[in-house]
Amino acid sequence: MRPRRRIRSLEEAAAFVDHVGIAVVWGQADLVLPSLWSEIGGPDADWAIRDENGKPTGFSPEFDRLWRWKDELPERRLACAGKHFRSAALLVAPRLLAAAYALTRRAGAADDFREDELEPLEREVAEAVLENEPLTGREIRRGRSAKTSSPAAGAGRSVAFPQRTRRDAS
């Protein structure tokens, strides 16, 4: 059996996401979804360059590509990246965004988040996204660090909130 050709460009990564529809950025044991990392590095790839003692000294070339592409794909609107369903970092093909949004059971208006009970930080991030159009996680974190003395203050939660898409059906 001939080994499959690995993904070597951003365009190939975008084509992979479009083909599979939804992919995890890197594998997660409790999710059975295609993994962009597996397609870039292969099943046995190591994410790190290691010294003689096995200690990581930096990203492998393959993981470095993945790390850049996870941000470049959404920046170029080739995929929507985020923690859309549960806690895994996912990439969603643009052609599936309407279907994914339908799972929120919201009206579809840009400001429909205002009907939800939100913590102040969540509301701040949602308002920033509404005012500035789509923002990447990197852009949200950069905006938060400009407003606070601690760049990491709330960054994880502030980025994760707009990516929550499913409410419990009751």
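The values are calculated or read from the model by the stated rules, or taken from the named source; none is laboratory data. Only a predicted model underlies this, so the values are computations on that prediction, with no experimental measurement involved. We place every Cβ from the backbone using ideal geometry, glycine too, and count neighbours over all the protein chains shown.
Tabulated values for the structure
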read-out	value
3 or more residues among the hydrophobic types (A, V, I, L, M, F, W, C): qualifying strands (runs of 3 or more DSSP E) within region 53-128	90-92
Flag for residue 98 being among the aliphatic types (A, V, I, L, M), touching a helix residue (DSSP H, G or I) at 6+ places or on another chain (Cβ under 9 Å) and exposed (fewer than 13 other Cβ atoms within 10 Å of the Cβ)	no
Cβ-Cβ under 9 Å pairs, at least 6 apart or on other chains, region 93-114 side touching a residue at least 12 places away in the same chain (Cβ under 8 Å) and among the aromatic types (Phe, Trp, Tyr), far side assigned to a loop (DSSP other than H, G, I, E, B) and surrounded by 15 or more Cβ atoms within 10 Å (Cβ to Cβ)	101/165
Among the residues listed as 67, 47, the single one being free of Cβ contacts under 8 Å to residues at least 12 places away in the same chain and either surrounded by 13 or more Cβ atoms within 10 Å (Cβ to Cβ) or touching an Asp or Glu at 6+ places or on another chain (Cβ under 6 Å) (or both)	67
Options 21, 41, 82: the member that is touching an Asp or Glu at 6+ places or on another chain (Cβ under 7 Å) and touching a residue at least 24 places away in the same chain (Cβ under 8 Å)	41
Any chance residue 61 is at pLDDT below 95, surrounded by fewer than 13 Cβ atoms within 10 Å (Cβ to Cβ) and at negative phi	yes
